Amino acid sequence: MEEKYYEEETLDLREIFDLLMSRKWLIICVAVFGFVFAFGYTKLCIPYQFTASVSMYVKNATNKTAMDIVNQSDITAAQQLAATCIEILYDDVVSDAIGEKLVENYTLEELAPYFVLEETDEGYKINTASISSKVGYSTVNETELIRITTTCGDPVIAADMCNYITEIAPDILIRVVGAGAVEAVGEAKVPVAPSAPSASKNSLVGFALGFILAAGIIIVRFMFDNTIKSGEDAADKFNLPLIGEIPFYEFESDSGKSAKKSTFTKFSSFKKKNVESDKERKTILDGEVPFAVREAYNTMRNNMMFSLSTGKNNVFVVSSPLPGEGKSTSVANLCIAIGETASKVLLVDADLRKPVQHKMFELTNKQGLSTVLAGMCNLEKAVHKRVYNNLDVLTAGPVPPNPSQILASENMVEFINSVKDNYDFVVIDTSPINIVSDAPVIAKNTAGLILVTRQDVTTYDQVEKAMGSVNMLDVNMLGVVVNSTESGGGKYGRYGRYGKYGYSYKYGYGEETSGEKK
């Protein structure tokens, strides 16, 4: 059984509350939409229904007058009589009689919109069930009064149905039950206002359903979301030092529009990946980068120096589980931050499949690590000196046909040993661990490896897989970096990403898949 590097976590009520509060405006918008939709649908699509009513008084043969003493048995008998009469009124005999009255007094065209008509040998009749569904009977305060209600899309038909029942019911009830008398209390009036639908009630239901739907989807998606939520979260789960948390920042693209996503886009897309031009890659040397981001890289630099202070090896590798987590950008900015100190640093681009550091610093890439390892040029000629303050950069060089073999060769080990004495720090940018095995192979000859992840993109399963590859070669894990953390400090939001860097990856010489981010 594979070892688990982290424990599963369950949501508590406070977490659910915080999650919903971080999406409160989205939930409110969906609820308001449900309110408006339900109101409009009720007004435009649901036909009006009209309800008419009338009461009948059922008197048995032994009913006492008001002057007589009425005991409990008399009340019970009256209630039982009313209940029995209601059961009889629900019989198909009564419904058929109502249907006959309707056919006599209305044309088929007038009845067709509201009833199911059936053709018989004698002509047309109204389906019994379609009448029963429009008629209701109930007792009034558990007395001998029976309330008759009829509902129909035509108010006149609704009132006539009530009056037809008061004409039909007495004979049936007297004959079947033996009631002393059955009398209608007044006459059913044609209803003026519709009884249904209720626009206000349906609108409130629509609001509630919208609220529940939005909140439910957010909670369910979060429960199934296995991505990293914060640097502290990742460090605790994997028992790794937190080297740095780099906040998200926005920048203006060439079109002058902000790269920020709308709330709806963020809700509808869990981890949407976009391909942007190379011109949108930015380092902390760019004037648009906020001060907080610069300070985050300074903190990352200090933590990294502290991690290496107890050892003698000053060379370390930076990688990520998959493309798209900002590994190369983090390497470039970390080296710039180191270069601002008195320490001399060498940045080595060992991503021989898709190198980007020469683009980050706008350097030529005709010579680089690949040509140095192949013995085609010496290191001194290939290194770009003092790209920024104390920072030197060795680009990847031309893409070789066998990058894995070159990086795993003795020449790479000799290269590392040759540069570590000439620099205070050597930072090696490598390919993603879960794509190819270059990073662990290189890192086993260094002080260790720093793993770069991206909040709301990198999953714990991806980190676990990467750590499995690292531990298999007994590589020292220096710590973890989390990109695109929220500047507002909220735990559950997805308010953007730190930069958007186009990435395509070559799995073999001559094969390339595009559309990833790096």
Confirm whether Lys24 is surrounded by fewer than 13 Cβ atoms within 10 Å (Cβ to Cβ) and either modelled with pLDDT of 90 or more or within 31 Å of the chain's Cα centre (by Cα) (or both).
-> yes
Could you say whether any residue in segment 199-221 is in a loop (DSSP other than H, G, I, E, B) and open to solvent by less than 70 Å² (accessible area, probe 1.4 Å)?
-> no
Identify all residues within segment 37-57 that are part of a helix (DSSP H, G or I), among the hydrophobic types (A, V, I, L, M, F, W, C) and touching a helix residue (DSSP H, G or I) at 6+ places or on another chain (Cβ under 8 Å); write none if there are none.
-> Phe37, Ala38, Phe39
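Go over the candidates Ala184, Ala97 one by one and state the one that is assigned to a helix (DSSP H, G or I), of a type in the set (A, V, I, L, M) and touching a residue at least 40 places away in the same chain (Cβ under 8 Å).
Unique residue meeting the criteria: Ala97.
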Filter result for the condition that a residue is open to solvent by 30 Å² or more (accessible area, probe 1.4 Å) and of a type outside the set (Gly, Ala, Ser), over Tyr106, Tyr137 | Tyr106
Quick one: which residue in Gly448, Gly479 is on the phi > 0 side of the Ramachandran plot, touching a residue at least 12 places away in the same chain (Cβ under 8 Å) and out of contact with any Phe, Trp or Tyr (no Cβ under 8 Å at 6 or more places or on another chain)?
-> Gly479
Residue check, Thr485 against (1) more than 22 Å from Ala332 (Cα to Cα); (2) crowded, with 23+ Cβ neighbours inside 10 Å, all met but one. Which one?
-> (1)
Index of the failed condition, Glu100 passing every other in (1) touching a Lys or Arg at 6+ places or on another chain (Cβ under 9 Å); (2) of a type in the set (Asp, Glu); (3) modelled with pLDDT under 90 = (3)
Flag if Val372 is under 17 Å from Ala443 (Cβ atoms) and either assigned to a helix (DSSP H, G or I) or touching a strand residue (DSSP E or B) at 6+ places or on another chain (Cβ under 7 Å) (or both) = no
Single match in Gly186, Gly153, Gly123 (criterion: among the small types (Gly, Ala, Ser), out of contact with any His (no Cβ under 9 Å at 6 or more places or on another chain) and over 21 Å from Glu109 (Cα atoms)) | Gly186
Being β-branched (Val, Ile, Thr), part of a strand (DSSP E or B) and modelled with pLDDT of 90 or more is the filter here, so list the residues in segment 121-145 that pass it.
-> Ile126, Val135
Val182 being surrounded by fewer than 19 Cβ atoms within 10 Å (Cβ to Cβ) and over 30 Å from Thr283 (Cβ atoms) = no
Out of segment 331-357, which residues are part of a helix (DSSP H, G or I) and out of contact with any Asp or Glu (no Cβ under 7 Å at 6 or more places or on another chain)?
-> Ala332, Asn333, Leu334, Cys335, Ile336, Ala337, Ile338, Gly339
Within the set of pairs 6 or more residues apart or between chains, which connect a residue that is over 17 Å from Ser409 (Cβ atoms) and in contact (Cβ under 8 Å) with a residue 24 or more places away in the chain inside segment 363-385 to a residue that is open to solvent by less than 40 Å² (accessible area, probe 1.4 Å) and in a loop (DSSP other than H, G, I, E, B) with Cβ atoms less than 6 Å apart?
-> Leu363/Thr395; Asn365/Thr395; Gln367/Cys377; Gln367/Gly397
Would segment 146-154 turn up any residue that is of a type in the set (Val, Ile, Thr), assigned to a helix (DSSP H, G or I) and crowded, with 18+ Cβ neighbours inside 10 Å?
-> no
Tell me which residues, restricted to segment 263-312, are closer than 30 Å to Ile218 by Cβ, assigned to a helix (DSSP H, G or I) and modelled with pLDDT of 80 or more.
-> Ala292, Val293, Ala296
Name the single residue, out of those in segment 169-179 being closer than 16 Å to Arg147 by Cα and crowded, with 19+ Cβ neighbours inside 10 Å, that is modelled with the highest pLDDT.
-> Ala169
So which residues in segment 358-369 are within 44 Å of the chain's Cα centre (by Cα) and in a loop (DSSP other than H, G, I, E, B)?
-> Phe361, Glu362, Leu363, Thr364, Asn365
Exception for Gly397 within (1) buried (at least 22 other Cβ atoms within 10 Å of the Cβ); (2) at negative phi falls at (2)
Go through Thr341, Thr329, Thr364 for me and flag whichever is farther than 19 Å from Ile442 by Cα and open to solvent by less than 10 Å² (accessible area, probe 1.4 Å).
-> Thr329
Conditions: (1) within 31 Å of the chain's Cα centre (by Cα); (2) of a type outside the set (Gly, Ala, Ser); (3) more than 26 Å from Ser370 (Cα to Cα). Thr310 meets all but one. Number of the miss?
-> (1)
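From the residues in segment 425-456 that are of a type in the set (Gly, Ala, Ser) and open to solvent by 10 Å² or more (accessible area, probe 1.4 Å), which one is nearest to Val413 (Cα to Cα)?
Ala447
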Hey, can you tell me all the residues within segment 231-256 that are assigned to a loop (DSSP other than H, G, I, E, B), modelled with pLDDT of 80 or more and within 23 Å of the chain's Cα centre (by Cα)?
-> Phe248
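The values are calculated or read from the model by the stated rules, or taken from the named source; none is laboratory data. These numbers come from a predicted model, not from an experiment. A quick note on method: Cβ atoms are made from the backbone with ideal geometry, for glycine too, and the neighbour counts reach across all protein chains shown. For accessibility, only protein heavy atoms count, side chains too; no ligands or nucleic acids. Shrake-Rupley method; radii C 1.70, N 1.55, O 1.52, S 1.80 Å.
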